[in-house]
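Student: So that we are looking at the same thing, I have put the structure below in structure tokens.
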Amino acid sequence: MPLDTYTLAVTFLFGLAVGSFLNVCIHRLPRSMSISGPRSLCPHCQAVIRWYDNIPFLSYLVLRGRCRKCGEGISPRYPLVEFVSGLFTVAVLLRFGFEPVAAVMYALICALIVITFIDLDHQIIPDVITLPGIALGLALSFVLPDVSWKSSLLGILVGGGGLLAVAWGYSLLTGKDGMGGGDVKLLAMQGAFLGPGGVLFTLMAGAFVGSLVGVTLMLVQKQDRKMVVPFGPFLAIGAILYIFWGHPLVAWYMGFFRQV
Ligand SMILES: [Zn+2]
């Protein structure tokens, strides 16, 4: 199938619609609500949101970001998540083409989007995503040629075990709990999809981006306001960097050692 403008536009619209479902997951999973029903309600006035007010991205523009009933502002995060999901469908298609691996990577990215926003809101990473994710990643490795089952299994062990070792070391040295068990299961899930090399890259890239952001926040924010920075979103960023630029970034990094 050729990747013409029409195909990419339809793909983007599909991504917007999936993003709408991701918003439902982000809102409902931490609250132990069903993701299949009932209909979405306005969080302010509890009015049922009509289908024509629930069209991804477009409805937000038409309603100018306000509920039709009560006029309260709708969080711009809803269209943002839809837009990001749309962009990633197109990006995955451009990177992998119409191959099964594109669908697998998009599914992983969807899980990472949901995890990122739930972790930002609630400082938790739900097991209902990571544990089935680990099983799914391993199961897919038997079917798809991109990651062998041995590599997937090793990825789970390196991801789960590696971060567990770092977390133990950190709490031994500082007497504080640095990372939650949710991060360990997230990294194990990423290992199931990306293999041991991918998961090590994800951990290093995530820690690098995380410390950059952490230092910036420490410099910017006032002393009395201590902000909790969850690690999950940075692990998600690390995995996404690996999916799209892992191979050239590793080659570039290794190039430093060849020169010296
Ligand atoms: Zn309302």
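The values are calculated or read from the model by the stated rules, or taken from the named source; none is laboratory data. Source: prediction; values computed, not measured. Note that each Cβ is placed from the backbone with ideal geometry, even for glycine, and that neighbours are counted across all protein chains shown.
Student: Cβ-Cβ distance below 6 Å, separation of 6 or more or different chains: which pairs start in segment 36-47 with a residue that is near the ligand (Cβ under 8 Å from one of its atoms) and end on one that is part of a loop (DSSP other than H, G, I, E, B)?
Tutor: CYS42/CYS67; HIS44/CYS70; HIS44/GLU72; CYS45/LYS69; CYS45/CYS70; ALA47/LYS69
Student: For LEU29, are the conditions met, namely being hydrophobic (A, V, I, L, M, F, W, C), surrounded by fewer than 17 Cβ atoms within 10 Å (Cβ to Cβ) and not in a loop (DSSP other than H, G, I, E, B)? Even if it seems obvious, please write down each step before you answer.
Tutor: Numbers: hydrophobic (A, V, I, L, M, F, W, C): yes; surrounded by fewer than 17 Cβ atoms within 10 Å (Cβ to Cβ): no; not in a loop (DSSP other than H, G, I, E, B): yes.
No, not satisfied.
Student: Report the residue count in segment 60-74 for those that are near the ligand (Cβ under 8 Å from one of its atoms) and either surrounded by 16 or more Cβ atoms within 10 Å (Cβ to Cβ) or not hydrophobic (A, V, I, L, M, F, W, C) (or both).
Tutor: Initial filter on segment 60-74 (near the ligand (Cβ under 8 Å from one of its atoms)): 67-72.
Cutting the leftovers down to either surrounded by 16 or more Cβ atoms within 10 Å (Cβ to Cβ) or not hydrophobic (A, V, I, L, M, F, W, C) (or both) gives us 67-69, 71-72.
Final tally of qualifying residues: 5.
Student: Determine whether segment 1-20 contains at least one residue that is in contact (Cβ under 8 Å) with a residue 40 or more places away in the chain, more than 16 Å from the ligand (Cβ to nearest atom) and exposed (fewer than 12 other Cβ atoms within 10 Å of the Cβ).
Tutor: Within segment 1-20, one or more residues are in contact (Cβ under 8 Å) with a residue 40 or more places away in the chain, more than 16 Å from the ligand (Cβ to nearest atom) and exposed (fewer than 12 other Cβ atoms within 10 Å of the Cβ).
Student: With segment 82-180 as the region, which helices (runs of 4 or more DSSP H) entirely inside it contain at least 2 residues that are at pLDDT 90 or above, polar (S, T, N, Q) and not assigned by TED's automatic domain parsing to the domain that holds ASN23? Show your work before the answer.
Tutor: Numbers: elements: 100-122, 127-143, 149-174.
Because the criterion is at least 2 residues that are at pLDDT 90 or above, polar (S, T, N, Q) and not assigned by TED's automatic domain parsing to the domain that holds ASN23, the helices (runs of 4 or more DSSP H) in segment 82-180 that meet it are 127-143, 149-174.
Student: Condition (residue is within 16 Å of the ligand (Cβ to nearest atom), assigned to a loop (DSSP other than H, G, I, E, B), more than 22 Å from ALA239 (Cα to Cα) and without any contact (Cβ under 8 Å) to a residue 24 or more places away in the chain) applied to segment 50-59: is it met by at least one residue?
Tutor: yes
Student: Across segment 88-100, what is the total count of residues that are buried (at least 16 other Cβ atoms within 10 Å of the Cβ), more than 17 Å from the chain's Cα centre (by Cα) and among the aliphatic types (A, V, I, L, M)? Show your work before the answer.
Tutor: At the first step, the residues of segment 88-100 found to be buried (at least 16 other Cβ atoms within 10 Å of the Cβ) are 88-93, 96.
From what's left, more than 17 Å from the chain's Cα centre (by Cα): 93, 96.
Remaining after also requiring among the aliphatic types (A, V, I, L, M): 93.
Residues meeting the conditions: 1.
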